[in-house]
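> Handing you a structure now.
Bear in mind these aren't lab numbers, they're just calculated from the coordinates by the rules spelled out. What you see is a predicted model, and the numbers here were worked out from it, not measured in a lab. Here the Cβ is made from the backbone with ideal geometry for all residues, glycine too, and neighbour counts use every protein chain on show.
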Amino acid sequence: MRWLDTLAVGIYVLNVTNSPLAVSLILFLRTIPMFLFGVLAGAITEKIDRRVLLLSVLALLATSYTTLTILTLTDNLRVWHLGVGVFILGLYFAIELPTRRTMIADIAGIPRIGAAMGLESTTNNFTRMIGPFAGGLLFEIFDIAGTQALGGALYVASFALILSAGYTKREPSENPGGTKPSVASDIMEGLRYVANNRAVAATLVVTVVLNIFGFSYITMVPVIAQKVLGLTAFPTGILMSAEGLGAMLGAMSVAFLAKPHRFNQVYISGALLFATCIVMFSLSTSFWLSLSVLCLGGLGVSGFGAMQATLIVSNTAPEMRSRIMGVLAMAIGAQPIGVLTIGFLAEHLGPSIGVMVSGAAGVLAVLTCALIWPEMRRKRVV
């Protein structure tokens, strides 16, 4: 639904408002909770049962999508209703990332963390491929009602899956004296930990860079598809699926072939390839060239995505993982800055130029990170 919604909501808002900035604003509401609440969510997951937390937000999402479906079918849906819905979805992502990935790390253990996160990235990128494809098809046939109804069904299914997961409740962390640290102290301890850990700090800065200058381009794909390439919803969905296809193929390779001493290099190289492909996409006026470039960019996403959590977990003490995953969620939450910037540029200079400027800034920023943290270019000592 993350990727399906990006397409369906983007096309719907563009059709209603004819404004690229409005498309960016509505998707800004989906990404801002990660920045606002990511660190807090990471600290909270230390205090309560992670599985119960996931079940609670999944139930909220199922209710939200069901409500949106009813509003659509009764012809009462408004753009602000979608804004509320995508904000709730953003809250879920802020909570889900530190919670679910920490659960995966707990289950897999350090010896298998690279493979586990690679497989997690593979499933994520498979949905990144199939989501826009399904969204374009559903929107073409049933309009926004079809995509919202599917969302309700999928989150009910997700609730059932997490309910059946064999994950043992983790007791809240305590200090040696037996008293429970406050959420505020957990947050401050997590931020201090990042400041004193170069490997974690470098990973987080590259994450911020790519979310500001890289992933924000996705908000303009429906706009470029309609205004530059002349595509309807279904071929737009195929175009948006290309990145997911490349990312899925790449993630499977990373999961089974990437060696621990190469993790840093895979991470920084993937980020650079993705940012470069965004610039190439902005210059394309051909559907097939755009499709090919986004598929290649997906290979970069796979290296970046699989190694992101892997580097965080492998360089973080077990008792700090949830908190640092919360900081990672906040770093991912930097995307709203890019979303608003690219929307403003697209509104005044055109969507292609907006994407080109953002992608070029991303290339320069990743190269700068590689210079500041030369260890990201070298083999890791494991």
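> Which one of G303, P132, L229 has its Cα pushed farthest toward the positive end of the charge dipole of the chain, where Lys and Arg give +1 and Asp and Glu give -1 at the Cβ?
The residue sitting most towards the positive pole is G303.
> In addition: Can you give the extra length, in nm with one decimal, that the chain gains between L36 and L349 once fully stretched, where that is 0.36 nm per residue apart less the Cα-Cα distance?
109.7 nm
> Let me ask another. So how far, in whole Å, is the C-alpha centre of the range 7-32 from the one of the range 70-100?
About 13 Å separates the Cα centre of the range 7-32 from the one of the range 70-100.
> Sticking with this structure for a sec: Can you tell me the length gained on complete extension of the stretch A165 to H81, counting 0.36 nm per residue apart and subtracting the Cα distance?
27.0 nm
> Right, another one. Put +1 on the Cβ of every Lys and Arg and -1 on every Asp and Glu Cβ in the chain; which of N15, S158, L61 then has its Cα farthest towards the positive end of the dipole?
Going by the charge dipole, the pick is S158.
> Can you tell me how much longer the chain between I107 and S253 gets when fully stretched, taken as 0.36 nm per residue apart minus their C-alpha distance, in nm with one decimal? Please report the intermediate quantities before stating the final value.
On the way: separation 146, 0.36 × 146 = 52.56 nm, distance 2.17 nm.
Going from the current span to full extension adds 50.4 nm.
> Who wins for biggest fluctuation among G326, G338, G230 in a Gaussian network model of the chain, springs between alpha carbons below 10 Å?
So, out of G326, G338, G230, the one fluctuating most is G230.
> Okay, next question. Compare the peptides 52-59, 369-376 by average per-residue count of other Cβ atoms within 10 angstrom and give them in order, highest first.
Going by the mean number of other Cβ atoms within 10 Å, highest first, we get 52-59, 369-376.
> In square nanometres and to one decimal, what's the mean projected area of the convex hull around the Cα atoms of the range 256-360?
Reported value for the Cα convex hull: 7.8 nm².
> Take T63, project a point 7 Å from its Cα along the Cβ direction, then tell me which residues of the range 76-103 have their backbone nitrogen under 12 Å from it.
none
> So, with +1 on the Cβ of K and R and -1 on the Cβ of D and E, and no other charges, what is the size of the charge dipole of the chain about its Cα centre, to the nearest 20 debye?
940
> Sticking with this one: Pairs of alpha-carbon atoms within less than 8 angstrom and 6+ residues apart define the contacts here; what relative contact order does the chain have, in percent?
Computed over the chain, the figure is 30 percent.
> While we're on this one: Tell me the relative contact order for the range 263-359 as a rounded percent, counting alpha carbon contacts under 8 Å between residues six or more apart.
34
> Follow-up. Sticking to Cα atoms, compute the Rg of the range 214-279 to one decimal and its Dmax as the biggest Cα-Cα distance, whole number, in Å.
14.7, 45
> Given springs between every Cα pair under 10 Å in a Gaussian network model of the chain, which of F304, F213, F159 has the largest fluctuation?
For the chain, modelled as a Gaussian network with Cα springs under 10 Å, the answer is F159.
> Oh, and also: Within the range 120-145, find all residues whose amide N lies under 18 Å from a label point positioned 7 Å from the Cα of T17 along Cα-to-beta-carbon.
Output list for this probe position: 144.
> Apply 1/(1 + (r/R0)^6) to the Cβ-Cβ distance of L137 and T368, taking R0 = 35 Å, and write down the FRET efficiency to the nearest 0.05.
Between L137 and T368 the formula returns 0.30.
> Express the C-alpha Rg of the chain as a ratio against the empirical globular expectation 2.2 N^0.38 Å, rounded to two decimals.
Values: Rg = 20.0 Å, N = 382, 2.2 N^0.38 = 21.1 Å.
So the chain has a normalised radius of gyration of 0.95.
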